[in-house]
Amino acid sequence: MLKTKVKASAVTNLTDARYFAAWEVEWLGFNLDTGAADYIPPANVEAIREWVDGVKILGEFNLQANDEILGAVDMLKLDAVQVGMFADLQTLKALHKAEVPVIQEMVVQDLSELDAIATQMKANEDQVQYFVLDFAKNNLKWADIQANAPGQLQELCEEFPILLSADFPAGQVEDVLENTAAAGISVRGGEEEKVGYKSFDELDDLFEALETFEE
């Protein structure tokens, strides 16, 4: 088992799905936004989920309307959904009313935006179970975050349930979780090198650092 919650995002193939499930991540995320580069058709999600168990199946959306999201929840029997940072409050309230657990992604473009992101999270916290604070999409380096915003990040993680998406070395993951008080981390899937084969060396190091054993 793992020392913290882990969300695997943008899973597009069975190789990734089985790898993450074997490590007992909390969520397997499948991008159901048809305009996204890592979009996966619903039929493929249904096929993959037949091969994994013990994980929550999460649909990743962006700005889709709540009726479209709820339709996918019903069709694919999703355990939770992720929405983009600009999802409107009406959508969040509709999902909350339908008792669908919601994760909201907050993509950080610049560290100066953290105060504004905190305000947005405060406005949405009653409808959102977790927030993904994503530094990786805009290549914000962990060293720069540590140097320029360690206090801000810790305050955010103490106030809100945050899953961190950042390019920190596997050897530092325990220190990251301890120093930030983050609720967990978010990692990404990727393309297979060939059908049924993929190297997981970097992720292996990360998961081994997070591994714990029941006594």
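The values are calculated or read from the model by the stated rules, or taken from the named source; none is laboratory data. Quantities reported herein were computed from a predicted structural model and do not represent experimental measurements. No Cβ is skipped: glycine too gets one built from the backbone with ideal geometry, and neighbour counts run over all protein chains shown. The protein model used for the area step is the full one, side chains on, heavy atoms only, and it has no ligands, DNA or RNA in it. Shrake-Rupley method; radii C 1.70, N 1.55, O 1.52, S 1.80 Å.
For residue 110, are the conditions met, namely being surrounded by fewer than 16 Cβ atoms within 10 Å (Cβ to Cβ) and either among the acidic types (Asp, Glu) or under 19 Å from residue 68 (Cβ atoms) (or both)? In short, yes.
Scanning the stretch 145-173 for residues that are assigned to a loop (DSSP other than H, G, I, E, B) and at pLDDT 95 or above yields 160, 161. Which residues, counting only those in the stretch 64-88, are under 16 Å from the mean Cα position of the chain (by Cα) and not in a loop (DSSP other than H, G, I, E, B)? Within the stretch 64-88, 80, 81, 82, 83 qualify. Scanning the stretch 22-40 for residues that are part of a loop (DSSP other than H, G, I, E, B) and open to solvent by less than 40 Å² (accessible area, probe 1.4 Å) yields 25, 32, 33, 36, 38, 40. When you scan the stretch 41-63, do you find a residue that is part of a loop (DSSP other than H, G, I, E, B), open to solvent by less than 50 Å² (accessible area, probe 1.4 Å) and within 20 Å of residue 94 (Cβ to Cβ), even just one? Scanning the stretch 41-63, I find at least one residue that is part of a loop (DSSP other than H, G, I, E, B), open to solvent by less than 50 Å² (accessible area, probe 1.4 Å) and within 20 Å of residue 94 (Cβ to Cβ), so the answer is yes.
Under the condition of being open to solvent by 10 Å² or more (accessible area, probe 1.4 Å) and assigned to a helix (DSSP H, G or I), the residues counted in the stretch 114-144 number 14.
A search for C-beta distances below 8 Å between a residue of the stretch 131-146 that is free of Cβ contacts under 8 Å to residues at least 40 places away in the same chain and any residue that is part of a helix (DSSP H, G or I) and open to solvent by 40 Å² or more (accessible area, probe 1.4 Å), counting only pairs 6+ apart in sequence or on different chains, returns 142/172.
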